[in-house]
1. Please note which strands (runs of 3 or more DSSP E) are completely contained in region 129-210 and include at least 1 residues that are among the charged types (D, E, K, R), under 16 Å from the mean Cα position of the chain (by Cα) and within 21 Å of THR87 (Cα to Cα).
2. Being surrounded by 14 or more Cβ atoms within 10 Å (Cβ to Cβ), among the hydrophobic types (A, V, I, L, M, F, W, C) and within 21 Å of the chain's Cα centre (by Cα): is that true of LEU73 here?
3. Let me spell it out: the conditions are (1) modelled with pLDDT of 95 or more; (2) within 30 Å of ILE64 (Cα to Cα), and ALA209 meets all of them except one. Which number is the exception?
4. Got a sec? Which of GLY269, GLY235, GLY257, GLY243 is in contact with a Gly (Cβ under 7 Å, 6 or more places away or on another chain) and not assigned by TED's automatic domain parsing to the domain that holds LEU106?
5. Out of all the residues in region 91-106, is one or more modelled with pLDDT under 90 and surrounded by fewer than 12 Cβ atoms within 10 Å (Cβ to Cβ)?
6. So, of the residues in region 198-235 that are of a type in the set (Gly, Ala, Ser) and surrounded by 13 or more Cβ atoms within 10 Å (Cβ to Cβ), which turns out to be nearest to LEU4 (Cα to Cα)?
7. With a cut-off of at least 2 residues that are in contact (Cβ under 8 Å) with a residue 24 or more places away in the chain, assigned by TED's automatic domain parsing to the domain that holds VAL193 and in contact with an Asp or Glu (Cβ under 8 Å, 6 or more places away or on another chain), name the strands (runs of 3 or more DSSP E) lying wholly within region 40-127.
8. So, of the residues in region 12-39 that are more than 26 Å from ASP200 (Cβ to Cβ) and of a type in the set (A, V, I, L, M, F, W, C), which turns out to be surrounded by the most Cβ atoms within 10 Å (Cβ to Cβ)?
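The values are calculated or read from the model by the stated rules, or taken from the named source; none is laboratory data. The structure displayed is predicted, hence computed values, not measured ones. For neighbour counting, all protein chains shown are included, and Cβ atoms are generated from backbone atoms with ideal geometry for every residue, glycine included.
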Amino acid sequence: MVKLYKPTSPGRRIHSVTDYSVLDKREKTPKNLVMSKSRSAGRNNSGKITVRHHGGGAHKKVRIVDFDRSDRLGIPGIIKTVEYDPTRTAFISLVSYKDGVKRYVLTADGMKVGQPIMAGETAEILPGNRLALQNIPIGSFVHDIELAPGRGGRLARSAGSYAILQNIEAGYALIKMPSGEIRKIRDTAMATVGQLANSDWMNVRFGKAGRMRHMGIRPTVRGKVMNPVDHPHGGGEGSNSIGLKYPKTPWGKHALGVKTRKPKKYSDGMILKRRNSKK
């Protein structure tokens, strides 16, 4: 759900936020599951900007999320909270296992406080339970998918994300990614059942520049309003188009429709269908 406000100011008029009334936090965050993490604000170890438009932002504590659960196989747990994570778009849930261990996991759509949760071969096909791909019914929605068995979830981890298990053949599972790409993954790799919660996050409108600065996003200046010395699009009197046949970066390289993947990447054989692209 997305929450709207009364238009009491120009920024408030187009401002919306995620409706956090769906959250349910009844326990404090365990200290061992929170850490501080320094940010380089888009700079490298020499202080030079390597990623533009990053800097500032509110200070945040990082929640340690268990993307693996390999040491929790067969151990039942109970969901204690459904809560907000300031460093990611998806919600997280605190799980208390039968042996007393507490871990954070990503919250699947439909997970509620008090619901049992489990990882392993004996787990039921329910949102939040984690199994090997070979044990999940074909056509199911899955998230937090391992690229290689035992390395922890890597794919489909943002709010509302899911992939579709299309088939299992010759030791591989065919997964349709959120991008539309169809990829082969070992059927012994683990994945979590269901779609991630907070799917309406994509409809949130930030409303004002100050909110973006709180997120650590700095302003982006268009190349066409710069001088020719600063950008290939710059120069000219008044308002002009970019004056080139195709967009370029400040360093003269093609900016749109260019494939950035290495031509001979080792994992090319695992991709059956590439995601939709302009070229």
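1. Working: elements: 130-132, 141-143, 153-155, 163-169, 172-176, 182-186, 190-193.
Because the criterion is at least 1 residues that are among the charged types (D, E, K, R), under 16 Å from the mean Cα position of the chain (by Cα) and within 21 Å of THR87 (Cα to Cα), the strands (runs of 3 or more DSSP E) in region 129-210 that meet it are 153-155.
2. Numbers: surrounded by 14 or more Cβ atoms within 10 Å (Cβ to Cβ): yes; among the hydrophobic types (A, V, I, L, M, F, W, C): yes; within 21 Å of the chain's Cα centre (by Cα): no.
Answer is no for this residue.
3. It is condition (1) that ALA209 fails.
4. On the way: GLY269 fails: in contact with a Gly (Cβ under 7 Å, 6 or more places away or on another chain); GLY235 fails: in contact with a Gly (Cβ under 7 Å, 6 or more places away or on another chain); GLY257 fails: in contact with a Gly (Cβ under 7 Å, 6 or more places away or on another chain).
Exactly one residue qualifies, and that residue is GLY243.
5. First pass over region 91-106, keeping only residues modelled with pLDDT under 90: none.
No: region 91-106 contains no residue that is modelled with pLDDT under 90 and surrounded by fewer than 12 Cβ atoms within 10 Å (Cβ to Cβ).
6. Initially, region 198-235 is screened for residues of a type in the set (Gly, Ala, Ser), giving 199, 207, 209-210, 216, 223, 234-235.
Imposing the further condition that a residue be surrounded by 13 or more Cβ atoms within 10 Å (Cβ to Cβ) reduces the set to 199, 207, 216, 223, 234-235.
Details: SER199: 16, GLY207: 11, GLY216: 23, GLY223: 34, GLY234: 39, GLY235: 41 Å.
Among those that are of a type in the set (Gly, Ala, Ser) and surrounded by 13 or more Cβ atoms within 10 Å (Cβ to Cβ), it is GLY207.
7. Working: elements: 61-63, 77-79, 92-97, 102-106.
The strands (runs of 3 or more DSSP E) meeting that bar are 92-97, 102-106.
8. Initial filter on region 12-39 (more than 26 Å from ASP200 (Cβ to Cβ)): 28, 30-39.
Now drop any that are not of a type in the set (A, V, I, L, M, F, W, C), which leaves 33-35.
Working: LEU33: 17, VAL34: 12, MET35: 10.
My answer is LEU33.
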